[in-house]
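Let me begin by presenting the structure, written as structure tokens, before commenting on it.
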Amino acid sequence: MAFVELAGVCHAYGGAGTPLAVENLDIAVEKGEFAAVVGPSGCGKSTLMKLATGLQFPQAGTVTVDGERVSRPVSLAGMAFQAPTLLPWRTTIDNVLLPLEIVRPHRSRIRRSRAAYRERAEELLAQVGLEGAGEKYPWELSGGMQMRASLCRALIHAPQLLMLDEPFGALDAFTREELWCVIRDLHRTTGVTIILVTHDLREAVFLADRVVVLTSRPGRVLEERRIDLPRPRELDVTFTPQFQTIVHEMRDHIIKARG
Amino acid sequence: MRHSTITWAAPTAFTLFSLLLWEAAVKLFNIPPFFLPPPTAIAEAFVRFGPAIASESLYTLITTLIGFAMAVVFGLGLGLLVGASRTIYAGLYPLMIGFNAVPKVAVVPILVLWFGIGGVPAVLTAFLISFFPIVVNVATGLATTEPELEDVLKVLGASRLDVMRKVGIPRALPYFFGSLKIAITLAFVGSVISESIASNHGIGNLMLQAQAQFQVPLIFAGLVALAVEGIVMYALMAWVEKRMTGWAHRGGHAA
């Protein structure tokens, strides 16, 4: 069985009878896989995030994570969003440590062994290129750096599933590509399963093992495509004909589907 | 000129200039002192009635501060409650707006009926008039918690209380401390209203008596005393705000 599996999932926010946000969604993500979900705005990408993490439960169909049907928040998941949502009254490192003050079993331990946890947070910050920025406040960091810190916060409790909701949407092109590489490296070194929700096809193709394209509301799977570009991928790969063919083909498909 | 010099020199100069203008206008247009006393006459009243003004000011200050303290405790508690629960918010909000719309001067007779003439109605009026901005601000601060951040924490198994403790309450603090500045000024309004209607003490009562005896400079001296108290308390609250929530003023754009 896949690590994350949505089978025949229908969901509407307003309860039964209201327009569906997603319809008959079948998505399976293997352990350690990097999956990207692409679609126009309002295709239910954020709904997918909430369903897979147990913040919402589907009206029909089942969501399974790690062999267990989701019936409560999935604490083995970490999340990051387009807005870094760092707390301005905490230093960067304290922001990164925040999840450990919540999640079991760390919440009962963090008071006693804060030093050990801080060390771990500093390692993580170094991994994303934020060495020594731990004592700074979020507003002293650039947008890209805030996003890196937000990724660290999502990863501090060593989640097995990382859910990313358009994490690079608000960044400039260069910073975005830098962060693609950060995510790529984090995926390689931690082996975490990643589901990236985005509307950027290039981003999806560069990062993911598999790209799932959703239709506009109600979201359904329009196309699924395995990306066989060899890893590790460097940014140069985005300029190869092979890469561009994949992006073009998928783009054509999406445009056709929209009519 | 250095910035810090401007911050104290400019207000001082403006205040002195206004006083001079006032004095000159009274002299120039021959305004009788029982209509508008010049600043010098008010200063004279201060010297003559110094002890009375001082003790009545202190009385008003204490009355105000007790009412204000009650408003802080009650306002903070109710604000947290209203901000934490959508149901309580929906249920209580119209009621509170209605309550706030009632001019507090109209409540004083009822308070007198219940508690008699004196300090208690003044304390209660100060309390009633100043708790509303605290409630609204605390509730707003809580309600502006980003839903994404709530999701991040809820996935980890955070309870409502966890979200409040880690995010909601710290986020509401700048709103809370900001509201104290408004609340303390309003508290003075409340206590003085009540004192001038139904009390034997306080600046409000002093001014009422001065009016009855036609001691116009003393009325104005009372006003000045109130203004000074108001400014001092406001400055104190502003200082507390800055001390407690410096992060909110250093970089508002983050998060």
For this session: Pull up region A:129-188, narrow it to residues that are more than 17 Å from A:Leu98 (Cα to Cα) and in a strand (DSSP E or B), then point me to the one that is modelled with the lowest pLDDT.
Result: A:Asp165
Exercise. How many residues are more than 7 Å from chain B (Cβ to nearest Cβ) and open to solvent by 20 Å² or more (accessible area, probe 1.4 Å) if we restrict to region A:89-98?
Worked result: 2
Exercise. If A:Met79 passes every condition in (1) open to solvent by 30 Å² or more (accessible area, probe 1.4 Å); (2) in contact (Cβ under 8 Å) with a residue 40 or more places away in the chain but one, which one does it miss?
Worked result: (1)
For this session: For region B:194-203, state whether one or more residues are open to solvent by less than 20 Å² (accessible area, probe 1.4 Å), within 14 Å of chain A (Cβ to nearest Cβ) and over 17 Å from the mean Cα position of the chain (by Cα).
Result: no
For this session: Would you check if A:Val128 is touching a Lys or Arg at 6+ places or on another chain (Cβ under 6 Å), over 23 Å from B:Arg165 (Cα atoms) and either open to solvent by less than 20 Å² (accessible area, probe 1.4 Å) or away from chain B (no Cβ under 11 Å) (or both)?
Result: yes
For this session: Report yes if A:Leu86 is closer than 28 Å to A:Glu203 by Cα, within 12 Å of another protein chain (Cβ to nearest Cβ) and assigned to a loop (DSSP other than H, G, I, E, B), otherwise no.
Result: yes
For this session: Consider B:Leu61 carefully, then state whether it is open to solvent by 60 Å² or more (accessible area, probe 1.4 Å), at pLDDT 90 or above and not β-branched (Val, Ile, Thr).
Result: no
Seminar exercise, completed: So, first residue of a type in the set (Asp, Glu) in region A:121-135, second residue not in a loop (DSSP other than H, G, I, E, B), Cβ within less than 9 Å, six or more apart or across chains; the pairs are A:Glu122/A:Ile93; A:Glu122/A:Val96; A:Glu131/A:Glu122; A:Glu131/A:Leu125; A:Glu135/A:Thr92; A:Glu135/A:Ile93
Exercise. Could you give every pair whose Cβ atoms fall below 8 Å, whose first residue belongs to region A:23-35 and is assigned by TED's automatic domain parsing to the domain that holds A:Glu166, and whose second residue is basic (Lys, Arg) and open to solvent by less than 50 Å² (accessible area, probe 1.4 Å), counting only separations of at least 6 or pairs across chains?
Worked result: A:Val29/A:Arg210; A:Glu33/A:Arg210; A:Phe34/A:Arg210; A:Ala35/A:Arg210
For this session: Just give me the residues in region B:1-31 being surrounded by 10 or more Cβ atoms within 10 Å (Cβ to Cβ) and assigned to a loop (DSSP other than H, G, I, E, B), in sequence order.
Result: B:Ile31
For this session: Provide a single number: the residues in region A:40-52 that are assigned to a loop (DSSP other than H, G, I, E, B) and either open to solvent by 10 Å² or more (accessible area, probe 1.4 Å) or without any contact (Cβ under 8 Å) to a residue 40 or more places away in the chain (or both).
Result: 3
Seminar exercise, completed: If you go through A:Val63, A:Val37, A:Val74, the only one that is touching a Ser or Thr at 6+ places or on another chain (Cβ under 8 Å) and not in a loop (DSSP other than H, G, I, E, B) is A:Val37
For this session: All but one of (1) touching a residue at least 40 places away in the same chain (Cβ under 8 Å); (2) in the same structural domain as A:Val212 (by TED's automatic domain parsing); (3) part of a loop (DSSP other than H, G, I, E, B) hold for A:Gly14, so report the exception by its number.
Result: (1)
For this session: Being within 14 Å of chain B (Cβ to nearest Cβ), under 24 Å from the mean Cα position of the chain (by Cα) and over 24 Å from A:His187 (Cα atoms) narrows it down to one of A:Glu140, A:Glu101, so name that one.
Result: A:Glu101
Exercise. Which of the residues that make up region A:161-183 are open to solvent by 30 Å² or more (accessible area, probe 1.4 Å) and more than 14 Å from every other protein chain (Cβ to nearest Cβ)?
Worked result: A:Asp172, A:Ala173, A:Phe174, A:Arg176, A:Glu177, A:Glu178
Exercise. Across region A:140-160, what is the total count of residues that are of a type in the set (Gly, Ala, Ser) and surrounded by fewer than 23 Cβ atoms within 10 Å (Cβ to Cβ)?
Worked result: 4
For this session: Only one of these is in a helix (DSSP H, G or I) and more than 14 Å from the chain's Cα centre (by Cα): B:Leu208, B:Leu186, B:Leu226, B:Leu236. Name it.
Result: B:Leu208
For this session: Please list, ordered by first then second residue, the pairs with beta carbon atoms under 7 Å, 6 or more apart or interchain, first in region B:151-175 and in contact (Cβ under 8 Å) with a residue 40 or more places away in the chain, second among the β-branched types (Val, Ile, Thr) and surrounded by 23 or more Cβ atoms within 10 Å (Cβ to Cβ).
Result: B:Ala172/B:Val138
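The values are calculated or read from the model by the stated rules, or taken from the named source; none is laboratory data. As the structure is a prediction and not an experimental result, all values here were calculated from the model. Counting neighbours? That spans all protein chains shown, and the Cβs are built from the backbone with ideal geometry, glycine included. The accessibility values were calculated without ligands, DNA or RNA, using every heavy atom of the protein model including side chains. Shrake-Rupley method; radii C 1.70, N 1.55, O 1.52, S 1.80 Å.
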